[in-house]
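The values are calculated or read from the model by the stated rules, or taken from the named source; none is laboratory data. Since the model is a prediction, treat every value here as computed from it, not as a measurement. Methodologically, a virtual Cβ is constructed for each residue, glycine included, from the backbone with ideal geometry; neighbour enumeration extends over all protein chains shown.
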Amino acid sequence: MKKKLILSAVCLMVMNAFGQTQDEIGDNVVSAAQITDSITTSADEKAAVPVNENLTTPVAENTVAPVAPPQPQYSTTSVKEDTTQITTINDIIQMQQEVTNMNFRDSHYRSVWGRKSYLNLSYNTTTLTPDGVVPTGVAYNGGKAPEFKSNWGVSLQVGRSYALHKRPISNILQFNFDYTFIDLNVNHFKAENDGKDLYDSRAVLPGTDKGFYTPWNLEKYDFNYGMSVGPSITVAPFTLTRYAGLHHLKFNAYFHIGYHAALLYIKKNDKADVNQEEAVDYDKDRHDNMDKGPKLDFGHGLITSFGFSMTWKAIGIGYEHRSGKLNYKPIDDDQFGDDKYKFKSSTNRVFIQFRM
């Protein structure tokens, strides 16, 4: 109220200075009497407000204390700190991208180089060539066994490649050590001259109690099993290109050496025997036992092989050549004697490869 009084006095002084009267101002100027009435009325209103003895300020009856409006919460972070925070977020994003890229590279590396095991399904052609004289009861070829060529053969190989260094050189070249723990082969040899070359089942080997001739001219099945080890080299020439599909194209070359065991089964064929009638110049009981029993020869020897393959991801094709010498001996040495026969073995394979 004091402010109103002072303001009115100032206005009167200004109007008097410019020669204006109170009548000209009219209702726009507050008179001194009105100011006095205002002061008196304000004093009466203050007197009517009850005073709380325990408080130093008067409290209006049935009034609610005004609630202060919430003050705005201002951040204490400076501009420099905000910039640091943004940089940190960018670093996190960059780190996440690096982790993602690293995971992709590792996944791609495993896809290209991670398939260490292999399984080969092969078609074979095998030749068994006598190394020396192998006698037979057939009259042709001077009584010696000829060279046998298979008309079909199949094989199964299962093995694993062990890398000789942790990472491929320049992500292109890798040296390995291979271990083939299953090398199973089956070869079929048809009867010589389509079975037209007859043999004498009663003919015996020279010497007493040596037994009968092995009928090499008959149809034969050769079962061969072995294991091999050796070095190999793998080249992925397109890993540095930007075509991801070409990264999986790899070329492999190897040299293996292994030991093999073979079982040669000669199929009985009475039609190829020229002596079906009884005769007095041979031991019939012994001949019958030989004729009814299985004709099996067991062989074993060292085999070396080299080959190459081309793979894309989990599938590929390849070629292999095997060679070595196998020593065969009749299992029933009472009937066929205990002489050993050497054969040179040569096998060519074309295979489909599965990488795992």
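Structural remarks
To keep it simple, each residue is scored yes or no on (1) in a helix (DSSP H, G or I); (2) touching a residue at least 60 places away in the same chain (Cβ under 8 Å); (3) under 43 Å from the mean Cα position of the chain (by Cα).
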site	(1), (2), (3)
Leu263	no, no, yes
Met290	yes, yes, no
Leu296	no, no, no
Gly301	no, no, yes
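- Among the residues listed as Gly230, Gly211, the single one being of a type in the set (Gly, Ala, Ser) and farther than 30 Å from Arg110 by Cα: Gly211
- Of all residues in the stretch 332-356, those satisfying the criterion of being surrounded by 15 or more Cβ atoms within 10 Å (Cβ to Cβ) and farther than 20 Å from Tyr254 by Cα are Asp332, Gln335, Phe336, Gly337, Asp339, Tyr341, Lys342, Phe343, Lys344.
- Candidate set from the stretch 167-192 (those that are outside any strand (DSSP E or B) and farther than 18 Å from Lys250 by Cα); member that is modelled with the lowest pLDDT: Glu192
- Residue, surrounded by the most Cβ atoms within 10 Å (Cβ to Cβ), within the stretch 187-233, restricted to residues that are in contact with a Gly (Cβ under 9 Å, 6 or more places away or on another chain) and on the phi > 0 side of the Ramachandran plot: Gly211
- Number of the exception - Thr127 against (1) farther than 30 Å from Phe181 by Cβ; (2) at pLDDT 80 or above: (1)
- A residue that is among the acidic types (Asp, Glu), in a loop (DSSP other than H, G, I, E, B) and free of Cβ contacts under 8 Å to residues at least 24 places away in the same chain cannot be found anywhere in the stretch 119-131.
- All of (1) among the hydrophobic types (A, V, I, L, M, F, W, C); (2) surrounded by 15 or more Cβ atoms within 10 Å (Cβ to Cβ); (3) within 22 Å of Phe255 (Cα to Cα) hold for Trp312 with one exception: (2).
- Answer from Ser155, Ser161 - the residue that is in contact with a Lys or Arg (Cβ under 9 Å, 6 or more places away or on another chain) and more than 26 Å from His300 (Cβ to Cβ): Ser161
- Subset tally (residues that are more than 27 Å from Lys313 (Cβ to Cβ), in a loop (DSSP other than H, G, I, E, B), aromatic (Phe, Trp, Tyr) and in contact with a His (Cβ under 8 Å, 6 or more places away or on another chain)) for the stretch 200-256: 0
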